[in-house]
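**Student:** Just dropping this structure here.
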Amino acid sequence: MLQISTKPPKRAVLVIFNKINLNILPFFDIEEKNAIQQRLNDGIQIIPYSKQQKTYFLFPLEIDLTAKPDNIHEKLRVQGNTIYKMCKEYKEPEISLEVLGDFGKEYIASILSGINLSDYEFLKYRTKPKGYSLTVHVDPLLVDEAVINELNLMAESVRITKDLVNEPVSFLTATQYSKEIQKIGEAAGFSVTVMDQKEIEAEQMGGVIAVNLGSSAPATFNILEYKPKKHKNEQPLVLVGKGVVFDTGGLSLKPTRNSMDMMKSDMAGSAAVVGAMYAIAKANLPYHIIGLIPAVENRPGYEAICPSDVITMYDGTTVEVLDTDAEGRLILADALHYAKRYKPELVLDFATLTGSAMRAIGKEASVMMGTADKAIKKKLRKAGGSTGERMVEFPLWDEYGDYMKSEIADLKNLGPMDAGAITAGKFLEHFTDYPWIHFDIAGPAYIPSNYNYRGKWATAYGVRLLFKFVQNQCKDDNTQPEKKSRNNAR
Ligand code: BES
Ligand code: ZN
Ligand code: ZN
């Protein structure tokens, strides 16, 4: 946590300094400075130094101003993680920040962001947890109070999403997930309406129903709404998230090792929507947002849907289900159809949808595609770049749509071996009639080993990206320039 302190405690101090000029370090004599210089020459990133019952973590900051700003800030966040790990090694519960030298406040903020985002552990199931948490005391003269508050809100929202994703299905059934979303909505100030299995059946959400048939637990369909009194957008922004609380593959069972063992994270897309809405509502951003989360469990069972079954989707489209492991698109399609009633200005969906996206881009970015215009895509890329939650655009050419045509029904849920991320996107596109972007986050959402400030397991990819995007939308001057009157043109 970042703590605003005008008179911070000085037992442990993080000193950010310009290594060109060691004389700037007032706490050390010449001999000590020589020792520090020696370690700098050795290329040590952070130098711990104990003196008079105080611990200094000396961090020589070098900013390569020729690099792209987004890359500079990402590097600083990663360095923040290195600082965090050092504090953890020294078991320091709190440090205060000192900045010696002339650095832009925004750089210091990114280092703090990296430290703060690193401060996460999932300990719920440890009976003897050895927890560690770090408080950084920051003088508001170094970083503005509003920035510190936002960094804390980001870390908190990321934690909320990570907790949801890291929960196994033994706890987080669809029903429990809805309860958690309701609690989070109450805390943040957005409403949550939960449709239960009966209501889903009455609505004839064929995709949601079909995927959950093998499960002994009921499905839910969650409608989140954040509507502040004053909002900048006339029509709502709709966020759709894949909420498969566990994906075994269904009857098209996944091989267990390496393939099924991460599948509690198959609701990461929807958890990102929940975390982002938490942040946006807590920050009181003037933007009207709807969140739609179909929550199901994909399991084999007596009633489970069989490969070759034909189902009728919520919008009436018939789908030949050739592979029950391609389930995400079935539940998302129903949610995308549901979104039409809002006449949305834009719909963004987040889903751990295909192994194909993961193979294409790995953990470094999501795969994005959609029908929204270039300006929206540019804004999303801007938000992605500045938060380190990057995306790469794939095409939605008509030809790919042909791959999803079925001989027995309108569509099939399985395309050929190649271009799997795109054919999944093409399937989804069928159910949209508004500007729409799909994010396949299978690569970056969940990482089995430690990955800098993102940590291990759930990364909460999408939370900071969505918050930044909406924040920028609120700042943007969205008013259209007045159209030239035809009379003048005459
Ligand atoms: N949930 C998986 C996709 C996934 C794979 C997410 C790896 C995260 C990591 C999805 O439901 C799935 O099984 N997709 C299949 C689709 C295929 C059968 C067309 C896939 O990608 O193999
Ligand atoms: Zn699947
Ligand atoms: Zn899945």
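The values are calculated or read from the model by the stated rules, or taken from the named source; none is laboratory data. This is a predicted model, so every value here is computed, not measured. When we count neighbours, we look across all protein chains shown, and the Cβ atoms used for this are built from the backbone with ideal geometry, even at glycine. Just the protein is used for accessible areas: all its heavy atoms, side chains included, with ligands, DNA and RNA removed. Shrake-Rupley method; radii C 1.70, N 1.55, O 1.52, S 1.80 Å.
**Student:** Looking at this structure, is VAL367 within 16 Å of ligand 3 (Cβ to nearest atom) and assigned to a strand (DSSP E or B)?
**Tutor:** So VAL367 fits the description; yes.
**Student:** Moving on to the next point. For region 148-174, which positions are closer than 17 Å to MET277 by Cβ and not acidic (Asp, Glu)?
**Tutor:** Of everything in region 148-174, those that are closer than 17 Å to MET277 by Cβ and not acidic (Asp, Glu) turn out to be LEU153, MET154, ALA155, SER157, VAL158, ARG159, ILE160, THR161, LYS162, LEU164, VAL165.
**Student:** Another question about this same structure. Can you pull out the residues in region 271-321 that are closer than 18 Å to PRO344 by Cβ and among the β-branched types (Val, Ile, Thr)?
**Tutor:** Matches in region 271-321: VAL273, ILE280, ILE289, ILE290, ILE293.
**Student:** List the number of the failed condition for GLU234; all other conditions in (1) away from ligand 2 (no atom under 16 Å from the Cβ); (2) in a strand (DSSP E or B); (3) of a type in the set (Asp, Glu) hold.
**Tutor:** Condition (2) is where GLU234 drops out.
**Student:** Given GLY243, GLY250, GLY214, which one is within 14 Å of ligand 3 (Cβ to nearest atom), surrounded by fewer than 24 Cβ atoms within 10 Å (Cβ to Cβ) and either without any contact (Cβ under 8 Å) to a residue 40 or more places away in the chain or not β-branched (Val, Ile, Thr) (or both)?
**Tutor:** Matching residue, one of GLY243, GLY250, GLY214: GLY214.
**Student:** Counting only residues that are within 16 Å of ligand 3 (Cβ to nearest atom) and open to solvent by 10 Å² or more (accessible area, probe 1.4 Å), which one in region 312-325 is nearest to ALA219 (Cα to Cα)?
**Tutor:** By that ranking, first place goes to ASP325.
**Student:** Also, I was wondering about something else. In region 13-119, which strands (runs of 3 or more DSSP E) lie fully inside it and hold 3 or more residues that are closer than 13 Å to VAL136 by Cα?
**Tutor:** Output list reads 94-100.
**Student:** Something else about it: What about ALA268, is it under 18 Å from the mean Cα position of the chain (by Cα), within 16 Å of ligand 3 (Cβ to nearest atom) and modelled with pLDDT of 95 or more?
**Tutor:** Yes: the conditions hold for ALA268.
**Student:** For GLU199, indicate whether it is part of a loop (DSSP other than H, G, I, E, B) and acidic (Asp, Glu).
**Tutor:** The answer is no for GLU199.
**Student:** Could you please find all residues in region 416-441 being open to solvent by 20 Å² or more (accessible area, probe 1.4 Å) and near ligand 1 (Cβ under 10 Å from one of its atoms)?
**Tutor:** Those that are open to solvent by 20 Å² or more (accessible area, probe 1.4 Å) and near ligand 1 (Cβ under 10 Å from one of its atoms): PRO416, MET417.
**Student:** Assuming SER259 fulfils every condition listed in (1) open to solvent by 10 Å² or more (accessible area, probe 1.4 Å); (2) more than 13 Å from ligand 2 (Cβ to nearest atom); (3) in a helix (DSSP H, G or I) apart from one, which condition is it?
**Tutor:** The failed condition is (2).
A quick yes/no check of all residues on (1) under 18 Å from the mean Cα position of the chain (by Cα); (2) open to solvent by less than 50 Å² (accessible area, probe 1.4 Å); (3) modelled with pLDDT of 95 or more; (4) farther than 30 Å from HIS231 by Cα:
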site: LYS340; (1), (2), (3), (4): no, yes, yes, no
site: SER356; (1), (2), (3), (4): no, yes, yes, yes
site: THR371; (1), (2), (3), (4): no, no, yes, no
site: LYS379; (1), (2), (3), (4): yes, no, yes, no
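**Student:** Which numbered condition in (1) open to solvent by less than 30 Å² (accessible area, probe 1.4 Å); (2) hydrophobic (A, V, I, L, M, F, W, C); (3) within 30 Å of GLU167 (Cα to Cα) is the only one that MET86 fails?
**Tutor:** (1)
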